[in-house]
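Colleague: I have a structure here, written as structure tokens, and I will follow up with some questions on it.
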Amino acid sequence: MKKKWLLLMLKKNRLLFLTAIFFCSSAFAENFNRIGYLSVNASKDYQIFINDSLLNQGSFSKLALKPGDYDLSALNPNNLSWLNRGFIQNIEIIHGETTTVFIPVSEYITIRSKPFGSEIYNENRLIGTTPLVLSSEKYNGKNFILKKAGFEDKSFVILKNNKNYSFDLVQKDNDKNFPNPVLNANLEKNNFNWLKEGLVVTSLLSSWASFYFKREADKNYDKYLHSADPQMMQYYFNRTGDFDKYSEIAIGVSVVALGTYIYILISD
């Protein structure tokens, strides 16, 4: 009798054990198969990243992802403006749903003048001095006035399809007939403005290049860590070293250019 009772208990426990395994397996499978979708509407020039990993160039639809929070970013590598900070947004992927993100196209306009350092006014409000970069979307169709002591004012309008504005200011007649020594001295200094602008642009472009090379080095190092092929491991390791070297050279050029620019400003 006792023996039969033990056998019955074993059968019941085995049944309970198998039932528990079945429910746990079903729950795991359901959780494993849970996915959501991501669609991105963007210009073909934009590189799309998820958590710093490159996904695609331009738009795509219904990319399967596990539910959770992600950092979505987009960058146009062809835009070398220092205002090009790209697009960054935190998104949530929900099981069975499609998250759609529209990435706006940001365009900029550049205003230059000769002589350098002319004041730019919009509706009697000082916006900045030349050279200046502005948002095309914000100032499209707006009227502007360039002002510089000793020169005639210059009015212009921001047009939708024009991204670069360059003006040669005309010296006032009374200043031509009666030269102002202080003004002439300033004009002589402005002969070096092309050098100042070049140094600023060089410093900014070198900084951007350093960031780009560093990012490429990190990507290749990550590939090196995850590669199982010895030949490819050596390839990715060498590329990591090369990109690190390029990054160091670029940041060095940026520092030298910026230091030279500051020295010229102090000397003036």
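All of the numbers you see were taken from the coordinates with simple rules; none came from a lab. Please read all numbers here as calculations on a predicted model, not as lab measurements. FYI the Cβ positions are ideal-geometry reconstructions off the backbone, even for glycines, and counts take in every protein chain you see.
Colleague: Given H placed 1.01 Å from N in the peptide plane, which residues other than close sequence neighbours of T100 have an amide H under 5 Å from its amide H?
Modeller: The list, which skips near neighbours in sequence, is S39.
Colleague: Could you work out the pair-distance distribution P(r) of the range 36-102 from its alpha-carbon pairs, with 10 angstrom bin width and percents rounded to whole numbers?
Modeller: 22, 55, 19, 4
Colleague: Rg and Dmax in Å for the range 108-176, alpha carbons only: what are they?
Modeller: When restricted to Cα atoms, the range 108-176 yields Rg and Dmax of 11.9, 39 Å.
Colleague: Between K147 and S53, with labels modelled 7 Å along Cα→Cβ, what's the label distance in nm to one decimal, could you check?
Modeller: Calculated label separation equals 5.5 nm.
Colleague: Indicate, rounded to the nearest 5 percent, the antiparallel portion of the DSSP beta bridges found entirely in the range 108-176.
Modeller: If I count the DSSP bridges inside the range 108-176, around 75 percent turn out antiparallel.
Colleague: Report, in listed order, any pair from K138/K245; K142/K196; K66/K223; K66/K214 with a Cα-Cα distance greater than 32 Å.
Modeller: K138/K245
Colleague: So what's the net charge close to Y236: Lys and Arg +1, Asp and Glu -1, counting the other residues with Cβ under 12 Å from its Cβ?
Modeller: Numbers: positive: K219, K223, R239; negative: E216, D218, D222, D229, D242.
With Lys, Arg at +1 and Asp, Glu at -1, the neighbours total -2.
Colleague: Expected output is a single nm value to one decimal: the length gained when fully extending between L159 and L225, i.e. 0.36 nm times separation in residues minus the C-alpha distance. What is it?
Modeller: Length gained, L159 through L225: 18.7 nm.
Colleague: In addition: Go through the range 47-54 residue by residue and turn each phi into a ³J(HN,Hα) via Karplus (6.51, -1.76, 1.60, θ = phi - 60°); whole Hz please, and just put x for glycine and proline.
Modeller: Result, ordered by residue: 8, 9, 10, 10, 6, 6, 9, 5 Hz.
Colleague: Could you work out how far apart the two model spin labels at W194 and F60 are, taking each label as a point 7 Å from the Cα in the direction of the beta carbon, and quote it in nm?
Modeller: 4.6 nm
Colleague: List the residues whose amide H sits under 5 Å from the amide H of F151, counting only those 5 or more places along or on another chain, with H placed 1.01 Å from N in the peptide plane.
Modeller: K172
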